[in-house]
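Reading through the structure tokens given below for one structure.
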Amino acid sequence: GGVERTFIAIKPDGVQRGMISEVIHRFERKGYKLVAIKAIVPPKALAEEHYGDLKARPFYPGLVSYMTSGKAPVIAMVWEGVDVIRQGRRIIGATNPLDAEPGSIRGDYTISVGRNAIHGSDSFESATIEIGLWFKPEEVYNWQFAHAEWIES
Ligand code: DAT
Ligand code: MG
């Protein structure tokens, strides 16, 4: 509920489809603050650790190879703001795009769970772990909106 940080990533399919600006727009217009961003082709070890909970699932090898192919980078970001972890999941929509509400990113742009374009942390614990996996502390910026009182009060 308070000011939080979450890890959001545009996956290679989202980058290929020209969704970078659309994703950033949806978080920025809501009033969230971008505190870290980079393009990265994740090393296999990073992708494996990021999706470590899914290691036993049949789609895991394909998921890791899609993230690491290098056919497009991943756009890795940290967004900050009130309730951003839960709200970010709402902005993104359900894991399976066929269950994602129209108006969500996955609901508006995607039809396949294996190509659902975007990642968002699902809890405070996973956000903390994922931000630490993808970013060095000095790559995440502390800064304030000059107009913060018009968004957050
Ligand atoms: P989310 O990305 O919504 O947090 P998750 O953590 O359960 O979903 O799974 C991570 C990713 O793994 C998901 O975005 C796409 C892929 N995935 C999940 N379930 C899948 C399935 N049944 N078939 C293929 N890919 C799947
Ligand atoms: Mg997940």
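The values are calculated or read from the model by the stated rules, or taken from the named source; none is laboratory data. Worth saying up front: this structure is predicted, and the values here are computed from it rather than measured. Side chains included, ligands, DNA and RNA excluded: accessible areas come from the protein's heavy atoms. Shrake-Rupley method; radii C 1.70, N 1.55, O 1.52, S 1.80 Å.
Laid out as a table, the results:
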read-out: Overall form of segment 19-153 per C-alpha gyration tensor (a/c, 1.5; a/b vs b/c); value: oblate
read-out: Spherically averaged projected area of segment 15-68 from its Cα convex hull (nm²); value: 4.9
read-out: Per-selection metrics, segment 70-127 (Cα): Rg and Dmax in Å; value: 11.8, 34
read-out: Percent accessible area from carbon and sulfur atoms, the chain, protein chains only, probe 1.4 Å; value: 55
read-out: Beta bridge orientation in the chain: antiparallel %, DSSP, nearest 5; value: 95
read-out: Cα-based Lys proximity count in the chain, under 19 Å, for pairs eight or more positions apart or on separate chains; value: 10
read-out: Coarse-grained scattering of segment 1-96 at q = 0.24 Å⁻¹, given as base-10 log I(q)/I(0) from a Debye sum over alpha-carbon atoms; value: -1.31
read-out: P(r) of segment 44-99 over all Cα-Cα pairs, binned every 5 Å from zero, in whole percent; value: 4, 15, 18, 21, 24, 15, 3, 0
read-out: Relative contact order of the chain, defined on C-alpha pairs under 8 angstrom at six or more residues apart (%); value: 35
read-out: Most fluctuating residue given options PHE27, PHE59, PHE135, as computed from a GNM of the chain linking Cα atoms under 10 Å; value: PHE59
read-out: Gaussian network model of the chain, springs between alpha carbon atoms under 10 Å - residue of LYS44, LYS136, LYS11 with greatest fluctuation; value: LYS136
read-out: Per residue accessible area in Å² of the chain, where ligands, DNA and RNA are left out and the probe is 1.4 Å; value: 54
read-out: Span-like helix ranges in the chain, DSSP H, alpha carbon extent 18 angstrom or more, Kyte mean at least -0.5; value: none
read-out: Most fluctuating residue given options ASP53, ASP83, ASP13, as computed from a GNM of the chain linking Cα atoms under 10 Å; value: ASP53
